[in-house]
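Asks: Have a look at the structure that comes next, please.
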Amino acid sequence: PGLSLILKVQQKDHIPFLSTDTGVKVMIHNHNQTPFLEHEGFDVRPGIESTIGLKQDEVKRLGGDYGECTENGEDVNVKIIYNSTYTMQACLHSCFQQEMIEKCGCGYYYYPLPAGAEYCNYNKHPAWGHCFYPLYKQLMSHNLSCFDKCPKPCKESWYKLSAGYAKWPSSPSEGWIHKTLQAQHKYNNTGTRKDIAKVNVFFERLDYNSWDESPEYTETLVMSNMGSQWSLWFGSSVLSVVEMFEFLVDAAILALILFYRRLTAKKSHKMPHSPTVPSVSLMLEKYRYVEEGLATNQHLERTCNGEATFSQDGLPSYSRYDKCQLPELYLSVVLRRHGPQNEHCVDLGSNS
């Protein structure tokens, strides 16, 4: 099953200087696409039966943020001059024809013409060849600006080919095949197999491969990867995140408290202090009469009767530890000494 063609080459009609090869060029394409044999297709040699097996592949591109493509060519800044669906080759040839008309003043005779234009000829445009070949060279080398204007279609089909070849027709059947072709199609039999070729085209399988583009990283995948990395490096979970947030809040609160305390401390240092009450300093040697062995009752009686005794330093002994000679102090003085916490209360009253 498939398509079988018998092709007539007619080598005798070839012009030697325009074509140096012999055969037929065949291209497999969709029914709603324009074929461009100068860029695509394969050659079939005369006297050979070529068997072509097809495998169809279909690709669906995302477009938008993931790449530039067009659905039907309406958003492309190039007017398609072919009456077919949008293809990148149709857009490039349409753009090239527009470049020819703008820069050379005429159109290339292999491509359709837009409205209001005319094909190049040497009578009206004698130098059009000098304008055409630099543009065509840029088109072949992909340096023309049209490649930036013509994106790929978002949905595209192509065919993978596998070919087999055999000599045709065979020597025993060559005679009757030529007679049959002459009877059916009024083919002028030249008696040579170099003027005909046979092509068989079929699908190797009826299914096809569909290639759909998908985002490599979606928002969900990015968040998932971030969570995985976070768990790997920090060993965190939702509870850990909450605890970290709580730690940051507590740190901020403590910082505010310390700042407030420092601020209040600076204000208190600037305020004037109230005058302090001078402390009463009593010489312990002069008034510590409660110690043991410092005075006896007899000594007290003599001093009260007016008898004075002198110590070794020449001072009256009554003047050192004599409560009768003490000035009248009515304050209770609490004397504290370092060491054991013993308190001595001395009531300095009247002379009586």
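The values are calculated or read from the model by the stated rules, or taken from the named source; none is laboratory data. In this text, all values refer to a predicted model and were calculated from it rather than measured experimentally. Using ideal geometry, Cβ is built from the backbone for each residue, glycine included, and neighbour counts are taken over all protein chains shown.
Asks: Looking at TYR86, TYR108, can you tell me which residue is touching a helix residue (DSSP H, G or I) at 6+ places or on another chain (Cβ under 6 Å), surrounded by 15 or more Cβ atoms within 10 Å (Cβ to Cβ), under 23 Å from HIS39 (Cβ atoms) and not β-branched (Val, Ile, Thr)?
Replies: Residue meeting the stated conditions: TYR108.
Asks: Please state which of the following conditions LYS270 fails to meet, knowing it meets all the rest: (1) closer than 30 Å to GLY175 by Cα; (2) of a type in the set (D, E, K, R); (3) modelled with pLDDT under 80.
Replies: (1)
Asks: Same structure again: For SER50, all conditions in the list (1) buried (at least 19 other Cβ atoms within 10 Å of the Cβ); (2) assigned to a loop (DSSP other than H, G, I, E, B); (3) at pLDDT 90 or above hold save one; what is the number of the exception?
Replies: Single failed check for SER50: (2).
Asks: Next question, about the same structure. Only one residue in LEU135, LEU181 is under 30 Å from GLN11 (Cβ atoms) and aliphatic (A, V, I, L, M), so which one is that?
Replies: Exactly one residue qualifies, and that residue is LEU181.
Asks: Could I ask something else about it? Hey, LYS12 hits all of (1) modelled with pLDDT under 85; (2) in a loop (DSSP other than H, G, I, E, B); (3) surrounded by fewer than 12 Cβ atoms within 10 Å (Cβ to Cβ) but one; which does it fall short on?
Replies: Condition (2) is where LYS12 drops out.
Asks: Has segment 48-57 got any residue that is among the polar types (S, T, N, Q) and touching a Gly at 6+ places or on another chain (Cβ under 8 Å)?
Replies: Checked segment 48-57: at least one residue is among the polar types (S, T, N, Q) and touching a Gly at 6+ places or on another chain (Cβ under 8 Å).
Asks: Oh, and also: Go through segment 15-34 and give me each residue that's within 13 Å of ARG45 (Cα to Cα) and surrounded by 13 or more Cβ atoms within 10 Å (Cβ to Cβ).
Replies: Those that are within 13 Å of ARG45 (Cα to Cα) and surrounded by 13 or more Cβ atoms within 10 Å (Cβ to Cβ): THR22, GLY23, VAL24, LYS25, VAL26.
Asks: Still on this structure: How many residues are surrounded by 10 or more Cβ atoms within 10 Å (Cβ to Cβ), more than 22 Å from the chain's Cα centre (by Cα) and not acidic (Asp, Glu) when one looks only at segment 223-247?
Replies: So in segment 223-247, the residues surrounded by 10 or more Cβ atoms within 10 Å (Cβ to Cβ) come out as 223-231, 234, 236-237, 240-247.
Narrowing the set further to residues that are more than 22 Å from the chain's Cα centre (by Cα) leaves 234, 236-237, 240-247.
Subset that is not acidic (Asp, Glu): 234, 236-237, 240-242, 244-245, 247.
Qualifying residue count, segment 223-247: 9.
Asks: For segment 115-222, give me every one of the strands (runs of 3 or more DSSP E) that falls completely inside it and has 2 or more residues that are at pLDDT 90 or above, of a type in the set (Val, Ile, Thr) and more than 41 Å from the chain's Cα centre (by Cα).
Replies: Because the criterion is at least 2 residues that are at pLDDT 90 or above, of a type in the set (Val, Ile, Thr) and more than 41 Å from the chain's Cα centre (by Cα), the strands (runs of 3 or more DSSP E) in segment 115-222 that meet it are 196-203.
Asks: Next question. Of (1) surrounded by 15 or more Cβ atoms within 10 Å (Cβ to Cβ); (2) assigned to a strand (DSSP E or B); (3) at pLDDT 90 or above, LEU7 satisfies all except one. Which?
Replies: Only one criterion is unmet by LEU7, namely (3).
Asks: Of everything in segment 35-47 that's acidic (Asp, Glu) and farther than 12 Å from VAL199 by Cβ, which residue is surrounded by the fewest Cβ atoms within 10 Å (Cβ to Cβ)?
Replies: Here the answer is GLU38.
Asks: For TYR109, all conditions in the list (1) farther than 22 Å from ASN77 by Cα; (2) touching a residue at least 12 places away in the same chain (Cβ under 8 Å); (3) part of a loop (DSSP other than H, G, I, E, B) hold save one; what is the number of the exception?
Replies: (2)
Asks: OK, next. Please identify the pairs in which a residue from segment 128-144 that is assigned by TED's automatic domain parsing to the domain that holds HIS39 and touching a residue at least 24 places away in the same chain (Cβ under 8 Å) has its Cβ atom under 9 Å from the Cβ atom of a residue that is polar (S, T, N, Q) and part of a helix (DSSP H, G or I), counting only partners at least 6 apart or on another chain.
Replies: LEU144/GLN138
Asks: With the requirement that a residue be under 30 Å from SER170 (Cβ atoms), of a type outside the set (D, E, K, R) and either assigned to a loop (DSSP other than H, G, I, E, B) or under 40 Å from the mean Cα position of the chain (by Cα) (or both), what does segment 53-89 give you? Working first, answer last.
Replies: As a first pass, look at segment 53-89 and keep what is under 30 Å from SER170 (Cβ atoms): 53-55.
Next cut, of a type outside the set (D, E, K, R) only: 53-54.
Across segment 53-89, there are no qualifying residues.
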